Amino acid sequence: MARKFFGTDGVRGTANTHPMTAEMALRIGAAVGRFFRNDGTNQHRVVIGKDTRLSGYMFESALTAGLTSTGMNVFLLGPVPTPAVGLLTTSMRADLGVMISASHNPAEDNGIKFFGPDGFKLSDEAELQIEKLIESGVEPAQAQNIGRARRIDDGRFRYIERVKSSLPRDLPLNGVKVVVDCANGAAYRAAPEALWELGAEVITVGVVPNGYNINQNCGSTSPKTAQEAVVAHGADVGICLDGDADRVMIIDETGQVADGDQIMGLFASRWAKSGQLKGGALVATVMSNLGLERFLESQGVGLERTAVGDRYVVEAMRRGGYNLGGEQSGHIVMTDYATTGDGLMAGLQFLAAMVETGKPASALARVFETVPQLLKNVRYKAGQTPLEEAAVKMAIAEAERALTGKGRLLIRKSGTEPLVRVMAECEDEALLGVAVDSVVDAVRIAVA
């Protein structure tokens, strides 16, 4: 059964527009509170973190009201990275973790994503049950059983200590000059502090949030500012995070960007050689480049592909006993250290590779040659279903026939935005462009 409110990463949309309204957040809080507080006791607790969007205050208050109305005790962490919520959910023995963030989306958007008591994101089945409670409504707790709310002032410091512990003590970062771009988001304090405490010389970008500038001309989806900073300061490497710091892009000393595929390829090959890679495979999504698959095969490492979304990567990792996975977009999941993608931890693992090998970032950030890949997005309006249009289906079928034996085509709706994503790979770049554009044109006509 399709979920009505939840996408690939929680509930997300434009703030003050359905479903991201204060009223809806109140209902969501009450529903998820009832779902997790199902034994009649008053010992249940939830931790709530957020990024730096202005609307975060509104959703934090609404969720707190909904959760406490069902008897949940709420602990407010303030601005912390998404992986910090997963970590603190388990360390504080909470029944539920909530992160208020729209990740890499612009400031006017926001979202709500949930972590279970094990620190991992909720399953599709759990989200479906919560949606039923959202729609039906829940009975509030009796007056004497209403929950309490309090602020936790040291959540960021707890997270920093956990991040630092992922780097071996015999690998100091002394003398390493690092540009860290925090996207004016949730890691604007945690990331520079952690790197400085580990001995790095830190140059900061995107660390002055004002509620409106998260991901604005900065961060992993707009790395140009960080690229320029790396070159201008003669830095050894750049670590480019997104708004909630669960994604990372690495920038080498020449200013070139390495995406999640290159980072995963490096980690998988190194971990396989050291015996750290569990299950003999990397877990990635259908979006990962064919070049990554070929490189892993040359290293004797398998590749397990999943649907798009880091939660699906994690689910496959847990089922198969794997400890490394992620997405081309920069979610790097290392379950030996964290329960979800952690951009800062992934950045530290890259720094560890630099220190251990003595090689510059440029020698580590491109471990395979990519197969030409083209991705274009087409925005559609609420209620439109362009992929069901006959002309669009015909265009897709014709593009697939043209690419047969030469490449591949992937068409999907975004799980976080009203976009149709059209992606293809082919070593014949002229054919690649024609295939993608033919589908994009058909979709644009359908939504016009």
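The values are calculated or read from the model by the stated rules, or taken from the named source; none is laboratory data. None of the values given here were measured: they were computed from a predicted structure. Ideal geometry is used to build each Cβ from the backbone, glycine not excepted, and the neighbour counts take in all protein chains shown. For accessibility, only protein heavy atoms count, side chains too; no ligands or nucleic acids. Shrake-Rupley method; radii C 1.70, N 1.55, O 1.52, S 1.80 Å.
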Residue count for the stretch 98-114, restricted to those that are outside any strand (DSSP E or B) and open to solvent by 10 Å² or more (accessible area, probe 1.4 Å):
4
I need a count of the residues in the stretch 391-448 that are small (Gly, Ala, Ser), closer than 27 Å to residue 12 by Cα and assigned to a strand (DSSP E or B).
1
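Can you tell me which of 216, 262, 299, 256 is under 18 Å from the mean Cα position of the chain (by Cα), open to solvent by 60 Å² or more (accessible area, probe 1.4 Å) and touching a residue at least 12 places away in the same chain (Cβ under 8 Å)?
Result: 216 is the single residue among 216, 262, 299, 256 that is under 18 Å from the mean Cα position of the chain (by Cα), open to solvent by 60 Å² or more (accessible area, probe 1.4 Å) and touching a residue at least 12 places away in the same chain (Cβ under 8 Å).
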Look at residue 95 and say whether it is open to solvent by 10 Å² or more (accessible area, probe 1.4 Å) and in contact with a Phe, Trp or Tyr (Cβ under 9 Å, 6 or more places away or on another chain).
yes
State yes or no: is residue 125 more than 24 Å from residue 190 (Cβ to Cβ) and either of a type in the set (Phe, Trp, Tyr) or at pLDDT below 95 (or both)?
yes
Which fully enclosed strands (runs of 3 or more DSSP E) of the stretch 133-242 have 2 or more residues being in contact with a His (Cβ under 8 Å, 6 or more places away or on another chain)?
177-181
Could you list, in sequence order, the residues of the stretch 328-370 that are over 21 Å from the mean Cα position of the chain (by Cα) and closer than 25 Å to residue 316 by Cα?
367, 368, 370
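Yes/no per residue for (1) free of Cβ contacts under 8 Å to residues at least 24 places away in the same chain; (2) buried (at least 22 other Cβ atoms within 10 Å of the Cβ); (3) among the basic types (Lys, Arg):
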{"site": "179", "(1), (2), (3)": "no, yes, no"}
{"site": "183", "(1), (2), (3)": "no, yes, no"}
{"site": "196", "(1), (2), (3)": "yes, no, no"}
{"site": "208", "(1), (2), (3)": "no, no, no"}
{"site": "220", "(1), (2), (3)": "no, yes, no"}
{"site": "249", "(1), (2), (3)": "no, yes, no"}
{"site": "268", "(1), (2), (3)": "no, yes, no"}
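Given the options 381, 359, name the one that is basic (Lys, Arg), open to solvent by 10 Å² or more (accessible area, probe 1.4 Å) and at pLDDT 95 or above.
Values: 381 fails: at pLDDT 95 or above.
Result: 359 is the single residue among 381, 359 that is basic (Lys, Arg), open to solvent by 10 Å² or more (accessible area, probe 1.4 Å) and at pLDDT 95 or above.
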